[in-house]
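The values are calculated or read from the model by the stated rules, or taken from the named source; none is laboratory data. Computed from a predicted model, the values in this text were never measured in an experiment. Neighbour counts run over all protein chains shown; Cβ positions are idealised from the backbone, glycine included.
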2 protein chains.
Amino acid sequence: MGIEDRKAREKEKRREQILDAAEEVIFGKGIEQSTMSEIAEKAELSKGTIYLYFKNKNELYLAITQRGSDILNDCFARIFAGDHTGIELIRLIGEIYLDFVRSNPGYFKAFQFYESMNDVDELRNSEYAQCCEDNRCEAINFMIRALQIGMQDGTIDDSYDPKELAVLIWSSTRGITTVSYMKGVGHYFKALDEMEIKTDSLFENFLKLVGTGIATEKARKQWMTASHKKIETTKD
Amino acid sequence: MGIEDRKAREKEKRREQILDAAEEVIFGKGIEQSTMSEIAEKAELSKGTIYLYFKNKNELYLAITQRGSDILNDCFARIFAGDHTGIELIRLIGEIYLDFVRSNPGYFKAFQFYESMNDVDELRNSEYAQCCEDNRCEAINFMIRALQIGMQDGTIDDSYDPKELAVLIWSSTRGITTVSYMKGVGHYFKALDEMEIKTDSLFENFLKLVGTGIATEKARKQWMTASHKKIETTKD
DNA sequence: GTCACTTAATGACCATCAGTCATTTTAATT
DNA sequence: AATTAAAATGACTGATGGTCATTAAGTGAC
């Protein structure tokens, strides 16, 4: 039925419209400080309507989180289309992640919120949380693929278990990006300020450290001088 | 005046009593779900009294955060009393951190909350936040000291800037501990579950990676086989 | 064209909770 | 015993997440 289709489209459009409004409000002042009424007003709808589309405030924020992780994963997926060695892919994944955090601090903050949620039932019952989880899984799989490619093309030391190593690099990268995020949003971080640490050199050193740790001798030179291709990580 | 002293002691004792109650409640069900009335009841005081000792809920949670970071830093400080090489110290710092997160997930969660706060003014105006910041600074300084010791005793490659490297290892360690925390509290983490990743092996691989990256050849053997001394990280 | 019915939207209303403040209680001092 | 200062109280307020009875719009059968 054409009418059914149109209705479904309109419903989806309204959902997106609410999400757009919610992002605008929440990215501007944080979830804690954002009210549902304010979001409703920005979306030019009544508060009750918001609850027809999202079970509650957390669910709405989880939907935003999913949007962010979709965007990020799209960026990751794109680099596998190109012709890169394994070790190059590792570097690119890191660069994309860092770029993403810089361009989309609001989404990154949503990621952090998602990870700090501890009501397991709430997470298991949420479609959005499930998607986020699938995306995280996929992201780590990208990392595994990059490592496997590297172990085959001889650019990455194959004495590691690629799965373990993927999770490891993923986690560490996460730590680095968190610091980068904190600097970016002006979070008071005395140690960084006093030492005049720049995010870029931090990341370069990270790559150097990881590179030295996992690259084969042959790949090391190439790793150190890899081009820093810019990848678009903002949403369209 | 003796009476003045006694009063000051009593006031401090009451403050601690409130914090004890607050920890019990908040560690049990998270800040979001904990109410000030509940905390007051647990402390056997009225709600108004809580506000005589803490400006607001955030400030109370920041005080708890400070407690946690004090405990953690004490643990770090202790290892420098012993006789360790630089590279051993790096391993120990990591082990202590991981132990701390396992034994005190509530404090770690408080750290995460602290780091996700973005009202800069609120942070700058809080005595507690200042202490947390000083502690973080000190912790990174411990790391720097360990690296410098290692560069002097020849166990750590001295081609890195110790400050940069310290922040780097600190950040990565933070990422690893976050994953460990998430596993510990049962946060749904599909990727980890599916791959059957164990926190311990993750950490060992992390040490291996970092070790390979920063250790001198001479130190590598020793690094790989360092004893896993248990350090007490729970509060007394 | 109209009427019955379904779906979407509304906003007044409710419950909860952070934070306040006038009042009371307790302790110290004279 | 009276006075004063400090500590504690809990009723109260305002804000906000979430609900639900009611209204409005759209649809299709006749």
Residue A:69 passes all but one of (1) small (Gly, Ala, Ser); (2) within 9 Å of DNA strand D (Cβ to nearest atom); (3) within 29 Å of residue A:101 (Cβ to Cβ); which number fails? (2)
Unmet criterion (only one of (1) of a type in the set (A, V, I, L, M, F, W, C); (2) more than 14 Å from chain A (Cβ to nearest Cβ); (3) in a helix (DSSP H, G or I)) for residue B:90: (2)
Where residue B:64 falls short, out of the listed (1) within 14 Å of chain A (Cβ to nearest Cβ); (2) more than 8 Å from DNA strand C (Cβ to nearest atom); (3) within 20 Å of residue B:119 (Cβ to Cβ): (1)
Which one of these is modelled with pLDDT of 95 or more and more than 14 Å from the chain's Cα centre (by Cα): A:128, A:97, A:107? A:128
Subset tally (residues that are within 11 Å of DNA strand C (Cβ to nearest atom) and closer than 24 Å to residue B:32 by Cβ) for segment A:2-39: 4
Exclusive hit being among the aliphatic types (A, V, I, L, M) and either within 16 Å of DNA strand D (Cβ to nearest atom) or in contact with a Leu (Cβ under 6 Å, 6 or more places away or on another chain) (or both), set A:22, A:77: A:22
Among residues belonging to segment B:191-219 that are at pLDDT below 90 and exposed (fewer than 15 other Cβ atoms within 10 Å of the Cβ), point out the one that is nearest to the other protein chains (Cβ to nearest Cβ). B:194
Identity of the residue in segment B:25-61, touching a helix residue (DSSP H, G or I) at 6+ places or on another chain (Cβ under 8 Å), within 13 Å of chain A (Cβ to nearest Cβ) and in a helix (DSSP H, G or I), that ends up farthest from DNA strand D (Cβ to nearest atom): B:27
Those residues that are more than 9 Å from every other protein chain (Cβ to nearest Cβ), over 27 Å from residue A:103 (Cβ atoms) and part of a helix (DSSP H, G or I), I need them from segment A:151-186; list them, please. A:151, A:152, A:162
Give all pairs with beta carbons closer than 6 Å in which a residue from segment B:51-71 that is free of Cβ contacts under 8 Å to residues at least 24 places away in the same chain meets a residue that is within 14 Å of DNA strand D (Cβ to nearest atom) and in a loop (DSSP other than H, G, I, E, B); count only pairs at least 6 apart in sequence or on separate chains. none
Taking segment A:93-126 on its own, how many of its residues are assigned to a helix (DSSP H, G or I), touching a residue at least 12 places away in the same chain (Cβ under 8 Å) and among the aliphatic types (A, V, I, L, M)? 5
